[in-house]
1. Quote the relative contact order of the chain in percent (integer), defining contacts as alpha-carbon pairs under 8 Å separated by 6+ residues.
2. I need the shape label for the chain. Rule: rounded when a/c is under 1.5, else prolate if a/b > b/c, else oblate, with a, b, c from the alpha carbon gyration tensor.
3. Are there any helices in the chain, counted as whole DSSP H runs, that stretch 20 Å or more along their axis by Cα and score at least 0.0 on average by Kyte-Doolittle, and if so which?
4. If each DSSP helix of 4+ residues adds -39,500 (n - 2.57) and the sum is divided by the residues in the chain, what number results at 222 nm, nearest 500 deg cm²/dmol?
5. Would you please put 70-77, 296-303, 17-24 in order of how densely packed they are, using the mean number of other Cβ atoms within 10 angstrom per residue and starting with the highest?
6. Round to a whole angstrom and tell me the spacing of the C-alpha centers of the stretch 239-259 and the stretch 160-181.
7. State, as an integer percentage, the relative contact order of the stretch 1-124 based on alpha-carbon contacts under 8 Å between residues 6 or more apart.
8. If you take every DSSP beta bridge fully contained in the chain, what fraction is antiparallel? Give it as a percent rounded to 5.
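The values are calculated or read from the model by the stated rules, or taken from the named source; none is laboratory data. All values reported here derive from a predicted model rather than from experimental measurement. With ideal geometry, Cβ positions are generated from the backbone for all residues, glycine too; neighbour counts draw on all protein chains shown. Side chains are part of the model used for accessible areas, which takes the heavy atoms of the whole protein and leaves out ligands, DNA and RNA. Shrake-Rupley method; radii C 1.70, N 1.55, O 1.52, S 1.80 Å.
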Amino acid sequence: RHMYGTRRAAEGWQDEYSSRLLEAGFMQGMASACVFQHPERGIAVSVHGDDFIATGPKPELEWFEGMLRDHCELTVGGRLGPGPEDDKEARVLNRIVRWTPDGHELEGDPRHAELVVEQLELLDATPLSSPGIDQPDPEPGSEEDQELDKEKAKLYRGIAARCNYLAADRPELQFAVKEACREMSKPTLFSWSKLLRIGRYLKGQPRLVWRYKLQIAPGVIDVYSDANWVACKRTRKSTSGGLAMIGSHVIKSLSKTQSVIAKSSAESELFGIVRASTEALGLVTLYKDLGDVVQIRVHVDASAAKSIVERQGLGKVRHVEVDLLWIQEQQLRNKLPLVKIDG
């Protein structure tokens with residue numbers, strides 16, 4: 001027995017439900033211990049804390065619900081399906097999921113955008129068409145470079161953290177929010193202006209609904225990688241961006257500041273390819289845990305970075321870390337084939 005809220009309580013709960021599911025014939029994921037699949041019954045389950053999200057045939061889901069009720073108290077938040085008695089909308093981890101004749105819809109919690117606009121006092125502000133623009137950092141010692149007072153800095157961190165949570169469901173926000181979150185330790189008046197721009201964008205675009213239309217499973221994850229060299233004029237660091245898609249469905253997006261300073265645009269693009277490829281390999285293992293096998297295609301627009309990946313060894317690029325060359329082996333084994341696309 002574990003007292004609620006202690007460190008061992010979460011571990012004990014995971015051991016409890018994992019053992020119950022394994023006894024019922026489920027297979028636990030190797031990459032993610034919170035993912036289960038039942039090969040005979042066609043059920044896939046994802047567990048987040050004490051929330052179970054399951055998909056499968058209706059009779060099998062009824063069996064699954066009964067099996068859980070035999071072991072614990074259970075509240076069903078919704079059952080989406082095509083039947084007239086099935087729900088057409090439910091909340092999953094505060095996200096709204098809808099069942100439509102064409103497929104599914106997914107929407108992040110719209111309340112977060114409303115709260116950001118409220119906290120920034122932008123209810124009557126003029127909306128903007130983009131969440132961020134490329135602008136130079138203020139001169140050291142200028143008015144815009146002054147740090148916020150303690151109370152306003154605390155408010156800044158709270159709003160930036162809320163935007164960061166919202167950006168998981170809003171890819172168009174990710175770069176602007178990432179840049180705002182980089183300045184959470186010592187926010188300035190210039191940092192506050194970045195946050196105001198995000199808020200004014202959300203004033204005009206408060207909601208984003210993802211539509212996942214029914215499609216034939218393509219069996220391949222298409223990953224698009226790009227990087228903007230020396231995006232940050234202050235630190236000289238670049239940003240890696242990427243999208244992972246299954247057919248027409250976006251399943252992952254990223255915007256990350258690179259940890260090292262790239263010496264050239266080719267090196268910056270190489271770091272972006274490596275980052276996108278690692279995300280793709282993670283998605284492949286997740287698919288395998290769910291009982292499916294998919295391939296990977298990596299799409300890049302940088303010929304120089306593509307040539308670095310497709311050869312063996314450093315060549316003339318002496319300053320690249322050797323541990324990045326694992327991607328050359330993956331390319332040689334055709335696990336991460338590169339596809340050249342237009343810029």
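1. 13 percent
2. Values: a/c = 1.87, a/b = 1.25, b/c = 1.50.
Verdict is oblate for the chain.
3. Working: long enough: 7-23 (25 Å, -1.41); 150-167 (25 Å, -0.49); 189-204 (23 Å, 0.07); 265-289 (36 Å, 0.32).
Helices meeting the span and hydropathy rule in the chain are 189-204, 265-289.
4. Working: 9 runs with 120 residues, N = 343.
Helix-only estimate at 222 nm: -11000 deg cm²/dmol.
5. Values: 70-77: 9.8, 296-303: 18.6, 17-24: 15.2.
The peptides rank, most packed first, as 296-303, 17-24, 70-77.
6. 14 Å
7. Values: 121 pairs, mean separation 10.9, N = 124.
Normalised by residue count, the contact order of the stretch 1-124 is 9 percent.
8. Numbers: 42 of 51 bridges.
The answer is about 80 percent antiparallel.
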